[in-house]
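Enquirer: Would you mind keeping the following structure in view while I ask a few things?
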Amino acid sequence: MSCDLRAKERSGIINPIFTCQPCGAQYVSIGIKDCIAIVHGGQGCVMFVRMLFAQHFKDNFDIASSSLHEDSAVFGATGRVETAVDVLLARYPHVRVIPIITTCSTEIIGDDIEGVINKLNNGLLKEKYAGREVHLVPVHTPSFKGSMISGYDVAVESLVKAFAEQTTPNGKINLITGWVNPGDVTALKHLLAMMQIDATVLFEIESFDSPLMPDKSGVSHGETTVEDLKDTANAVGTIALNRYEGGKAAKYLEKKFKVPSVIGPSPIGIRNTDTFLKQLQTMSGKPIPEALVKERGIAIDAITDLAHMFFADKRVAIFGAPDLVISLAEFCIDMEMKPVLLLLGDDNSGYKKDDRIKALQANVDWDMEIIMNADLWELDDRIKNKGLKLDLIMGHSKGRWAAIDNHIPMVRVGFPTYDRAGLYRHPVVGYAGAIWLAEEIANTLFTDMEYKRNKEWLLNVW
Amino acid sequence: MPYHEFECSTCIPERKSHAVLKGEEDDLTTCLPEGHLATIPGTISERGCAYCGAKHVIGTPMKDAIHMSHGPVGCTYDTWQTKRYISDNDNFQLKYTHATDMKETHVVFGGMDLLKKNMIEAFKAHPEINRMTVYQTCASALIGDDMEAMAREVMKELPGTDIFVCNAPGFGGPSQSGGHHKINISWINEKVGTVEPKITSDYVINYVGDYNIQGDCEVMCDFFKRMGIQVLSTFTGNGSYDELRGMHRAHLNVLECARSAEYICNELRVKYGIPRLDIDGFGFGPLSESLMKVARFFGLEDRAQAIIDEEVARWKPELDWYKKRLTGVKVCLWPGGSKLWHWANAIHEEMGVEVVSLYTKFGHQGDMEKGIARAEVGTLAIDDPNELEGLEAMRMMKPDVIFTGVRPGEVAKKQRIQYLNAHAYHNGPYKGFEGWVRFARDIYNAHYSPIHQLSGIDISKDDFNIDKGFMTRQMISDVKLTPEEAHVEGETPYTGEFDCVTPLRTKTYPSELTRSTTAQAV
């Protein structure tokens, strides 16, 4: 009985769990109001990320490219950033924030982004756009470092750094959600409202789920403002729900402006949600209200109907964003399941030092593997060739074939989940998320039992 | 030139020559936008990169090869599971993708060892596959890794394997089109002629420029096989790596998408003297004419005619059912490249829809020439459209349905305009006679969707009816038809199956058709 933590042995990637850093930065950019990012690189770095967002949300998000062509690769491409900023500002009068997101190509050719921003600030913006508030923010996300997860982390930090400004204490809590869905933000804001806590939410993305309106006015875009970002320096504290997606910004605010921070755990499952509420209570001094005891009770009631009858000892593999994977594993264990394989899809050296992983290593009483720098072949190969037995896979849509080909039921969770309808609308965080996850797991297992004729008669009486 | 200047683009005057509004007197000499020029940064263009043109569009549909990109993981991830190019070997090419996962240390010290290790690992992971295509990315191009050298080393170390290298980094040209060109030329230079194919028919073709989207290619090959023609290779939909190495033994190259694959046909003509015949699998008329063209080359007109007669008899009444109901429906034909002219006239003639706008993301002027030649007066044609121009065009042209990609389709949705996926199709295949009916069915289902009707109602302001619990599509579409028009003996909506492709895979074809002596007997 052991929990084995190690890195994938192969050097390459067969079926990646993550895409590269610029995607994470682009995800952050769409959460900001009046913001269109320019990705400085080849056009594919934007076109495909926009397509990925469109696949996941079934909606469109605007992100621009500096459209690197051959000549730029040879002679440098800062000129294309200058043109891009000008064209974007001229045609989008509402734009106030332009993150300039680098990629592998423009980091390798060594374009001086800070230099060109300086030049634009002192030239174009003063001359052609005098009187207009425009913020150009450098975001360095070379694709050959980290992953979309670290790209998200870097971008939140870059934006907070660019804007945070100490003025007067605002009495608010900064809530840095990490890479979540609109449904998660709704659930988190509900918990804040129940606690009567005023918070600055990075990022306000509920509006990603936008309506199709008779007057055609529906637009999917985040609503965190420049003012919100500025005000982060004046909060009573920061709670970053995900260590690897927003943790850097929380630490920055603590170091620079003495805003105390709590980092993680992601409030997935009953126990982690309890922890989150306790953190809110400690930071705000406000009590956890009776109404939340009731909400928690409803979740526990629902899970009690499922856990020891259907979930106990079910073997689960989980892949995706590290905070999500770890928290899901913790929740699964609380629901009597056995996570036997966790796949963390990049080479972040921090995983080894993560207390949550250490706790798994110290306490898990069955055989469990945690693979760092993993790809989806680590899952597929174990099932196909190494005899891994699984009852359930949890992860995002890119892993769908591992489930389909091996006839293992799969709960879609994380990003992206384009092969199931509307999942971005449902939370995985909070008590509401705990209910959704537990019931999604149950219904997925039930459907599989019926499809495979595997004791499907159990459900005749339940 | 009747250039159309978009209001949103007056501040970028160089855009003006990229759109035209076709007038009464216009022909190609007076009405043609510029094309295939460098993209203006910051316009929010819809273009992709040359890497995706090579790897994603043309390379990956090859069904029996490991597909690997040498670079950071993103290029691979981003171009994986975004297409519907299926295959008859359980979709290996859709399921597996490989990245060498280039990191900072490789950028500094070189990534050739990494590439070699990756190639060996990948062959080990898929022992049943011994063919591989490897693609350069921006990063590996900029650091100058010699990928061919590594491929040669690995082929030597692992006898029986074969590796194809394509150097088409993302920044190579204004759009994905540069990548199409590069992979075409690399394939003919590196791989064609290295395998001697088994010739089993007196009539031998390569079917080129079809990527088997939802089974298009398999549908077309069914027609060829019914004529007794051996399809030596398909470039590259449902294509086999080794079959594509034997392209040089075909008697004829039958070319579908001239935008992405004319280069290899031209080279096959120069190097091996194989003639090129451009065809069109979309639409009853163009497809019938295309099958006859191929037949004429081999003297198989009778067989082609028999197929055409059979197919038309089976499917024409269903197409007519839709045509009646689609007549006058306004559509924007906004695909990536060549579909703008493959579809332009055919959908007007055969489905009755009015094409009010054409655009192309990566097409060249030649594509626009063909598109505009086939377009009606009043059509707005746009090269390399961007987000705001697309919106402005929608407001100006007021289309009912737009044929475009997934993401622009979502933009259209918010404008209360239905969209059909022009790249991956909604419920394809769209090639073939049955496929064309499926296309008409999809347009009909989009346009007459009861939910679409409801989307225009503002319940806070409008006086809306509450007398109905539902509407069928026909309750909406048939309002404008007389009872005599609506009910014609034999005409019905589409009666085919959800999956019309899989049954083709187990179909057998009489071998005697492949010999020219029997041709005379038919």
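The values are calculated or read from the model by the stated rules, or taken from the named source; none is laboratory data. Model, not experiment: these values are computed from the prediction. Please note: Cβ atoms are built from the backbone with ideal geometry, for glycine as well, and neighbour counts cover all protein chains shown. Heavy atoms of the whole protein, side chains included, go into the accessibility calculation; ligands, DNA and RNA do not. Shrake-Rupley method; radii C 1.70, N 1.55, O 1.52, S 1.80 Å.
Enquirer: Give the residue that is surrounded by the fewest Cβ atoms within 10 Å (Cβ to Cβ), with candidates limited to residues of region B:474-510 that are aliphatic (A, V, I, L, M) and in a loop (DSSP other than H, G, I, E, B).
Expert: Checked region B:474-510; the qualifying residue surrounded by the fewest Cβ atoms within 10 Å (Cβ to Cβ) is B:Val488.
Enquirer: Out of the residues in region B:348-362 meeting the condition of being open to solvent by 10 Å² or more (accessible area, probe 1.4 Å) and at pLDDT below 95, tell me which one is nearest to B:Thr404 (Cα to Cα).
Expert: Step by step, filter region B:348-362, then rank; the result is B:Lys361.
Enquirer: Out of (1) closer than 18 Å to B:Val329 by Cα; (2) within 20 Å of the chain's Cα centre (by Cα); (3) open to solvent by 10 Å² or more (accessible area, probe 1.4 Å); (4) of a type in the set (S, T, N, Q), what's the single condition that is false for B:Gln365?
Expert: (1)
Enquirer: What is the residue count in region A:270-328 for residues that are in a helix (DSSP H, G or I), under 27 Å from the mean Cα position of the chain (by Cα) and not hydrophobic (A, V, I, L, M, F, W, C)?
Expert: Number satisfying all stated conditions: 15.
Enquirer: Enumerate the pairs (first residue in region B:15-44 and more than 27 Å from A:Gln43 (Cβ to Cβ); second residue anywhere and of a type in the set (D, E, K, R)) with beta-carbon separation below 8 Å, excluding pairs fewer than 6 apart on the same chain, so at least 6 apart or on different chains.
Expert: The qualifying pairs are B:Lys22/B:Glu376; B:Leu28/B:Glu369; B:Cys31/B:Lys22.
Table: residues versus (1) more than 7 Å from chain A (Cβ to nearest Cβ); (2) in a loop (DSSP other than H, G, I, E, B); (3) modelled with pLDDT under 95; (4) under 23 Å from the mean Cα position of the chain (by Cα).
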site: B:Gly23; (1), (2), (3), (4): yes, yes, yes, no
site: B:Leu28; (1), (2), (3), (4): yes, yes, yes, no
site: B:Cys31; (1), (2), (3), (4): yes, yes, yes, no
site: B:Gly42; (1), (2), (3), (4): no, yes, no, no
site: B:Tyr51; (1), (2), (3), (4): no, no, no, yes
site: B:Met62; (1), (2), (3), (4): yes, yes, no, yes
site: B:Met68; (1), (2), (3), (4): yes, no, no, yes
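Enquirer: Still on this structure, I have one more. Give A:Asp365, A:Asp405, A:Asp346, A:Asp380 a once-over and let me know the one that is within 14 Å of chain B (Cβ to nearest Cβ), among the charged types (D, E, K, R) and assigned to a loop (DSSP other than H, G, I, E, B).
Expert: Sole residue among the options that is within 14 Å of chain B (Cβ to nearest Cβ), among the charged types (D, E, K, R) and assigned to a loop (DSSP other than H, G, I, E, B): A:Asp346.
Enquirer: Related question: Filter region B:170-209 down to residues that are open to solvent by less than 40 Å² (accessible area, probe 1.4 Å) and part of a loop (DSSP other than H, G, I, E, B), then give me how many there are.
Expert: 14
Enquirer: Report the residue count in region A:31-51 for those that are assigned to a loop (DSSP other than H, G, I, E, B) and touching a helix residue (DSSP H, G or I) at 6+ places or on another chain (Cβ under 7 Å).
Expert: Counting residues in region A:31-51 that are assigned to a loop (DSSP other than H, G, I, E, B) and touching a helix residue (DSSP H, G or I) at 6+ places or on another chain (Cβ under 7 Å) gives 4.
Enquirer: Counting only residues that are facing chain B (nearest Cβ under 7 Å) and on the phi < 0 side of the Ramachandran plot, how many does region A:66-85 have?
Expert: 10
Enquirer: What about B:Thr518, is it at pLDDT below 95, in contact with a strand residue (DSSP E or B) (Cβ under 8 Å, 6 or more places away or on another chain) and open to solvent by less than 40 Å² (accessible area, probe 1.4 Å)?
Expert: No, not satisfied.
Enquirer: Continuing with the same structure: Among the numbered criteria (1) open to solvent by 10 Å² or more (accessible area, probe 1.4 Å); (2) in a helix (DSSP H, G or I); (3) not β-branched (Val, Ile, Thr), which one does B:Leu319 miss?
Expert: It fails just one condition, (1).
Enquirer: Of everything in region A:143-171, what is more than 14 Å from chain B (Cβ to nearest Cβ), more than 17 Å from A:Val97 (Cα to Cα) and open to solvent by less than 20 Å² (accessible area, probe 1.4 Å)? Give them in sequence order.
Expert: A:Asp153
Enquirer: For region A:52-118, which helices (runs of 4 or more DSSP H) that fit wholly inside it have 2 or more residues that are modelled with pLDDT under 95 and more than 28 Å from the chain's Cα centre (by Cα)?
Expert: The helices (runs of 4 or more DSSP H) meeting that bar are A:70-75.
Enquirer: Could you go through region A:230-247 and let me know if any residue there is of a type in the set (Asp, Glu) and open to solvent by 60 Å² or more (accessible area, probe 1.4 Å).
Expert: No, region A:230-247 contains no residue that is of a type in the set (Asp, Glu) and open to solvent by 60 Å² or more (accessible area, probe 1.4 Å).
Enquirer: Would you mind listing the helices (runs of 4 or more DSSP H) fully within region B:372-458 where at least 1 residues are among the acidic types (Asp, Glu) and either open to solvent by 40 Å² or more (accessible area, probe 1.4 Å) or at pLDDT 95 or above (or both)?
Expert: Because the criterion is at least 1 residues that are among the acidic types (Asp, Glu) and either open to solvent by 40 Å² or more (accessible area, probe 1.4 Å) or at pLDDT 95 or above (or both), the helices (runs of 4 or more DSSP H) in region B:372-458 that meet it are B:387-397, B:406-414, B:432-447.
Enquirer: Counting just the residues of region B:137-157 that are surrounded by fewer than 16 Cβ atoms within 10 Å (Cβ to Cβ) and either outside any helix (DSSP H, G or I) or modelled with pLDDT under 95 (or both), which one comes out farthest from the other protein chains (Cβ to nearest Cβ)?
Expert: B:Asp146
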